[in-house]
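Visitor: There's a structure below that I have some questions on.
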Amino acid sequence: MPSLQRYSTFGLFASCNSIQPFSDVASFLHYYQQSSIVYILGGGSNSVFTQDFDGTVLVNEIKGISHFDTESHHYLRVGAGENWHDFVTLCMKEKWYGFENLALIPGSVGACPIQNIGAYGREVNALIDKVECVFLETGEQVLLSNKDCQFGYRDSVFKHALANKVLITHVNFKLPKHYELETSYGELASLSDPTPEKIYNKVIEIRKSKLPDPSELGNAGSFFKNPVVSTTVYQAIAQEYDAVPHFVVRENDERTNAGSKLEQIKIPAAWLIDQAGFKGKTLNKVRCHPTQPLVLTNLGGATGGDVITMAKDIIASVQEKFGIQLEPEVRILGSKGLISL
Ligand code: FAD
Ligand code: EPU
């Protein structure tokens, strides 16, 4: 039974029936048809195997980066198995700008549309043109437009209608040559005369100072999503606590009146978890990270049960204190596939 420990940045001890890297669609379909339970893996930085997995793990190694440009845009077609940060770094060197806020996010290019990766004021959907996929059951190819992907905060069609139905083979990006740099988030606002290179370097510096390096301390980044609540819920909390950090988000409210905007408030889960007293807390071999409580870490030898216990404790405490239900951002796996807490 091969070990999955080095295939997932959380680094739990778990095994599976077989691990098969693939670098083209034909070999992927070959392995897929041979196994009744399959999990597609990129860099494993958002996947937490809490038990031995009773199936085959197919590791995406589809490579290749091609580029052309027009007067107004750079166009890139990137194999899903390329490493995200290496790709971002290459783009910086080539002056294909736009990804600078998304530097140092672990994982593969193919996973970036799945949760619509985001950091420091940018989400990748702003730069995605099309996503190339293959249907698992039929091998039929499909090209999804940006709109087809139904991107949202840490969300896309790949978590809903297309969940477990497609392999992403390539992501196509479209980068405008003229655009406004995004420097509104946190410490980026203090950059003088910002350039893409300065943003790229600053983002790397901030991330290194706050987030644990998975090669040193197992983790999967933010364990939970930041909850988006109604203004009423936010106001009730703000009455009780001084200076609740928050961001206003406006979403199209298609339920009532197409085009109208519904105002909601995003409250950092890190703050809720901090207030609930978990920051720096250790339970068995799992710690709530001292500089970023939204991240749970594996102190070495943690079990899947330890992770689930800690996550459930946090959810219950935040629910009790604030009446807000935290949802995991990470993909949690049991023996047969994805599970919910
Ligand atoms: P995996 O864990 O391998 O896969 C994630 C999911 O996508 C799984 O369900 C898998 O089945 C599916 N999948 C992967 N590839 C394919 C494919 N080709 N076709 C179909 N399905 C596929 N995320 C952010 O958004 N912002 C951050 O700032 C951020 N910071 C992080 C910091 C750290 C230290 C860590 C460890 C993680 C962080 N993350 C962040 C989370 C993670 O890096 C992203 O979600 C990343 O996109 C996951 O890529 P991966 O290849 O490792 O995904
Ligand atoms: N905070 C606290 N206590 C702390 C740390 C933070 O109260 O100890 C509060 C502060 O008010 C701070 C706020 O939380 O301003 C937000 O913290 P931070 O800027 O670190 O961002 P985050 O909301 O916790 C999100 C993403 C990260 C992304 C950063 C930067 C989610 C779930 N997480 O974290 O993404 O890197 O913003 O943009 O949206 C990931 O998805 O894995 C990930 C790391």
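Visitor: Quickly run through the range 97-125 and pick out the residues that are assigned to a loop (DSSP other than H, G, I, E, B), more than 10 Å from the chain's Cα centre (by Cα) and more than 10 Å from ligand 2 (Cβ to nearest atom).
Guide: Within the range 97-125, 97, 98, 99, 103, 109, 110 meet the criteria.
Visitor: A further question follows. Can you run down the residue pairs with Cβ atoms below 7 Å, 6 or more apart or on separate chains, where the first is in the range 87-107 and more than 12 Å from residue 175 (Cα to Cα) and the partner is buried (at least 18 other Cβ atoms within 10 Å of the Cβ) and basic (Lys, Arg)?
Guide: From residues that are more than 12 Å from residue 175 (Cα to Cα), the pairs are 101/122; 102/122.
Visitor: Now, a different point. Out of 55, 42, report the one residue that is under 25 Å from residue 303 (Cα atoms), within 16 Å of ligand 2 (Cβ to nearest atom), outside the structural domain of residue 123 (by TED's automatic domain parsing) and of a type outside the set (Phe, Trp, Tyr).
Guide: 42
Visitor: Being in contact (Cβ under 8 Å) with a residue 40 or more places away in the chain and part of a loop (DSSP other than H, G, I, E, B) is the filter; apply it to the range 72-86 and report the residue that is surrounded by the fewest Cβ atoms within 10 Å (Cβ to Cβ).
Guide: For the range 72-86, the residue satisfying everything is 72.
Visitor: Is there any pair with a first residue in the range 31-54 that is among the acidic types (Asp, Glu) and a second that is assigned to a strand (DSSP E or B) whose Cβ atoms are under 8 Å apart and which are 6 or more apart or on different chains, and what are they?
Guide: Going by the 8 Å Cβ cut-off, the qualifying pairs are 52/15; 52/16; 54/16; 54/17.
Visitor: Take the range 129-170 and flag every residue that is within 27 Å of residue 207 (Cα to Cα) and touching a Pro at 6+ places or on another chain (Cβ under 6 Å).
Guide: 156
Visitor: Would you mind listing the strands (runs of 3 or more DSSP E) fully within the range 236-341 where at least 1 residues are among the charged types (D, E, K, R)?
Guide: Per the criteria, 247-252, 261-266, 286-288, 331-333.
Visitor: Picking from 114, 128, 199, which residue would you name as being touching an Asp or Glu at 6+ places or on another chain (Cβ under 7 Å) and in contact (Cβ under 8 Å) with a residue 40 or more places away in the chain?
Guide: Just a single option satisfies the conditions, and that option is 199.
Visitor: Quick check on residue 56: is it crowded, with 18+ Cβ neighbours inside 10 Å, in a loop (DSSP other than H, G, I, E, B), among the β-branched types (Val, Ile, Thr) and on the phi < 0 side of the Ramachandran plot?
Guide: When the stated conditions are applied, residue 56 does not pass them.
Visitor: Could you check the range 133-172 and list, in sequence order, the residues that are out of contact with any helix residue (DSSP H, G or I) (no Cβ under 6 Å at 6 or more places or on another chain), surrounded by 21 or more Cβ atoms within 10 Å (Cβ to Cβ) and among the aromatic types (Phe, Trp, Tyr)?
Guide: Of everything in the range 133-172, just one residue is out of contact with any helix residue (DSSP H, G or I) (no Cβ under 6 Å at 6 or more places or on another chain), surrounded by 21 or more Cβ atoms within 10 Å (Cβ to Cβ) and among the aromatic types (Phe, Trp, Tyr), namely 158.
Visitor: Looking at the range 145-187, which of the residues that are among the basic types (Lys, Arg) and assigned to a loop (DSSP other than H, G, I, E, B) is nearest to ligand 2 (Cβ to nearest atom)?
Guide: 154
The values are calculated or read from the model by the stated rules, or taken from the named source; none is laboratory data. All values derive from a computational prediction rather than experimental measurement. Methodologically, a virtual Cβ is constructed for each residue, glycine included, from the backbone with ideal geometry; neighbour enumeration extends over all protein chains shown.
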